[in-house]
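Accompanying notes for the structure given below.
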Amino acid sequence: MCGIIGYVGHQEASAVIVEGLRRLEYRGYDSAGVAILNGGIHLRRAVGKLINLADSLAALPLNGSVGVGHTRWATHGRPTEPNAHPHVVGRIAVVHNGIIENHHQLRARLVADGHVFSSETDTEIFSHLINAGVSKGLSLEDAVCAATKDVSGAYAIAVLDVDHPECVVVAKQQSPLILGVGAGETFCASDIPAILMHTRDVIFMEDGDMAILTRDGYELRRFETGIKVERAVTRIEWSAVAAEKDGYEHFMLKEIHEQPRAITDTIRGRISMADGDVYSEGMEITREDLANLRRIVIIACGTSWHAALIGKQYIEEATRIPVEVDLASEFRYRNPIVDSRTLVIAVSQSGETADTLAALKESQRRGARAAAVVNVIGSSIARAAGNVLYTHAGPEIGVASTKAFTTQMAALYLIAVRFGRILGTLNADQGRALLTDLLAVPGDVARAIELSGAARDIAKTYVGATSALYLGRGLLHPIALEGALKLKEISYIHAEGYAAGEMKHGPIALVDEFTPTIIAAPRGPTYEKTCSNLQEVAARGGAVIAIGDEDDDELRSMADAYLPVPRSTPWTAPFVSVIPMQLLAYHLADLKGTDIDQPRNLAKSVTVE
Ligand code: M6R
């Protein structure tokens, strides 16, 4: 996830752009850059937070009233200055938010045609394609359209052309892009806050739209056909603070709603349906390496540990290699048995959790092979592991992990399929079937998020509870742990997660009319057993909130409250089941009036041991 902005008007473009980027910094902040048109392209880029770019521009300003800017959350290529946007090739400068899925093939083709790349990014492909188009005599708009025909994936781009010094051309496919209309000035941006101080009149571009922006306004077209289109102008009434949260009251709620997009970004460009396999670029491992392993150990903390527990079940099922999951803070202090025949996978959103980093380094010291599933590019854990599968969830601001969790599960799902295919423990048909199921997850998660209103109604009933139990079996046991953690950390209600079969070995003593039990019971291998556990709770006077298939009337009739989720497979059930738990925790906390995004005593990144 990155942020882009473009400006054509009467103000100093660099000032408008840097201010806009400041409001987009939540989308990424490992490097930033601007390009200004003024008798040529004037480029300034800086690694690190936006302040570095702002300082550089303050020291040596760039003047001009047409420009584009970018704040980066690295996906392809490290956070370095050459990889920072804008990417200039010939007459053309491009900023891009998204992922070009066929960048390998396009890059190879362009290199074979004599193009020389100066960055590791997928974005530079756009600069080469568009510059090649205008060099052949195409108009700028036609060159942009031609480039979109070659590229597959997600993109919102803003393009400058030295030969068109009075305009910015933009195009959108699956990445957000809005236009802003001011008096004698026109804007584009990834998100509303970037332009809200200049205009409240906004056009939401649709996939397949391109636009030519000038001082006098904009012209929208479909890039497939070139046909002009009209889109409604929306007057934005949000305050600037509300706008940063996309109109949501809290970052956590915004991030819950981002999950379909975030999971799509984790999967994007990594699936080969033809082979029933996964491109795990960054996580390189050979058949020989895998066959040589005695076991895999996954280390993590908190929510990431819950994702790891699910990853264990995926990988064991797909490969039959034994997988252990350890809390990083325990692993490192107990003389762990790891050697060169152990693969240690660290799972971390921030990539900075001190215990996870130390546990990873300790296992490397003992000779283990290392790998990581990380969200933040270039973070300490990513650098230490070297072998990394990035989740591409985008920055997570809320302390309570939501999209980081579901994208970690998606990444571990991909790893399991990849390892299974490498070893041959999964054949192509089995790989294809699992990947087909995974591709349905973003849509199913989007439908589960529609339960927000129902979750709020349930929360109203239980807002006075001081304790809650969460139950699930198999892949849904870690989901019960995660549901309980979410509730604890933001609503301060005591909660415990248990494997449902363990209830009768002790925790059932806690059941009473004041302690609701939340039970994940979509149909699956242990469905009947879980239903029996539900009835054991109900028989003791406990209130039951059940999460189950939307067509399961029997389960619905057994529960006091029901949260129906789309039908899932055993491997995809964790995704749809955790969403109502996130929503329930959110609404309970909101009703209690806690500080949801920054709960007491917690920090987003725990860099102390
Ligand atoms: O950045 P990490 O994934 O390594 O962080 C691990 C935990 O600190 C984190 O998951 C924490 O438990 C979350 N606040 C849970 O919502």
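Each value in this text was obtained by applying a stated rule to the coordinates, not by laboratory testing. Computed from a predicted model, the values in this text were never measured in an experiment. Quick reminder, even Gly has a Cβ in these numbers, built from the backbone with ideal geometry, and neighbours come from all protein chains shown.
Highest mean first, how do 474-487, 263-276 rank when packing is the count of other Cβ atoms within 10 Å averaged over residues? Display every interim value, and only then the final one.
Working: 474-487: 26.4, 263-276: 19.8.
Taking the mean over residues of other Cβ atoms within 10 Å, the ranking is 474-487, 263-276.
In terms of packing, defined here as the mean over residues of other Cβ atoms within 10 angstrom, the peptides 45-52, 488-495, 246-253, 132-139 line up highest first as 488-495, 246-253, 45-52, 132-139. For Pro165, neighbours were defined as the other residues whose beta-carbon sits under 14 Å from its Cβ, and their charges (Lys and Arg +1, Asp and Glu -1) total -1.
Once backbone amide H atoms are built at 1.01 Å from N, Arg295 has Leu343 as its partners under 5 Å, excluding neighbours fewer than 5 places away on the same chain. With N the number of residues in the chain, Rg(Cα) / (2.2 N^0.38 Å) evaluates to 1.00. Between Ile518 and Leu469, Tyr470, Leu471, Ile545, the built amide H atoms are under 5 Å apart, and every one of these is 5 or more places off in sequence or on another chain. For the chain, what proportion of DSSP beta bridges, expressed in % and rounded to the nearest 5, is antiparallel? Among the beta bridges of the chain, antiparallel pairing accounts for roughly 60 percent. In order along the stretch 448-460, phi translates into HN-Hα couplings of 5, 5, 5, 7, 4, x, 5, 5, 5, 4, 5, 4, 4 Hz, rounded to whole numbers, per the Karplus curve 6.51 cos²θ - 1.76 cosθ + 1.60 with θ = phi - 60° and x for Gly and Pro. Per-residue packing, averaged as other Cβ atoms within 10 Å, sorts the ranges 398-407, 372-381 into the order 398-407, 372-381, beginning with the highest. Based on C-alpha pairs under 8 angstrom that are at least 6 apart in sequence, the stretch 3-243 has a relative contact order of 20 percent. Could you work out the local net charge near Ile263, counting Lys and Arg as +1, Asp and Glu as -1, over the other residues with Cβ closer than 14 Å to its Cβ? Taking every Cβ under 14 Å from that of Ile263, the sum is -1. For the listed residue pairs Lys460/Lys486; Lys149/Lys403; Lys486/Lys529, the alpha carbons are over 23 angstrom apart in Lys149/Lys403; Lys486/Lys529.
Against the chain, whose longest principal axis comes from its Cα atoms, helix 403-423 is set at around 80 degrees. Our coupling estimate for the stretch 516-533, obtained by passing each phi through the Karplus curve with A = 6.51, B = -1.76, C = 1.60 and θ = phi - 60°, is x, 10, 9, 10, 9, 9, x, 4, x, x, 10, 4, 4, 4, 5, 4, 4, 5 Hz, Gly and Pro reported as x. If R0 is taken as 51 Å, the Cβ-Cβ distance between Asp553 and Gln105 corresponds to a FRET efficiency of 0.55.
Restricting attention to the stretch 251-439, close to 10% of DSSP beta bridges with both partner residues there are antiparallel. Among the chymotrypsin sites (Phe, Trp or Tyr not before Pro) in the stretch 261-354, those placed in a DSSP loop whose Cβ has at most 14 other Cβ atoms within 10 Å are Tyr333.
Once the piece of chain linking Asn601 and Thr80 is laid out straight, how much longer is it, given 0.36 nm per residue of separation minus the C-alpha distance between them?
184.1 nm
Helices in the chain, meaning DSSP H runs of at least 4 residues, each add -39500 (n - 2.57). Divided by all residues, the mean residue ellipticity at 222 nm is -11500 deg cm²/dmol. Here is the list for the stretch 353-455: GluC sites (Glu not before Pro) lying in DSSP coil, each with at most 13 other C-beta atoms within 10 angstrom of its C-beta, are Glu450. The length gained on full extension between Arg341 and Tyr527, counted as 0.36 nm times the residue separation minus their Cα-Cα distance, comes to 63.3 nm. The modelled label-to-label distance between Glu536 and Ala15, using points 7 Å beyond Cα along the C-beta direction, is 6.9 nm.
Near Ser65, within a Cβ-to-Cβ distance under 15 Å, what is the net charge of the other residues, with Lys and Arg +1 and Asp and Glu -1?
-4
Note the angle between two axes, namely the Cα long axis of helix 140-150 and the longest principal axis of the Cα atoms of the chain, as a number of degrees from 0 to 90, rounded to the nearest 10. That works out to roughly 30 degrees.
Kirkwood radius, the stretch 506-608, all distinct C-alpha pairs, inverse of mean reciprocal distance: 15.2 Å.
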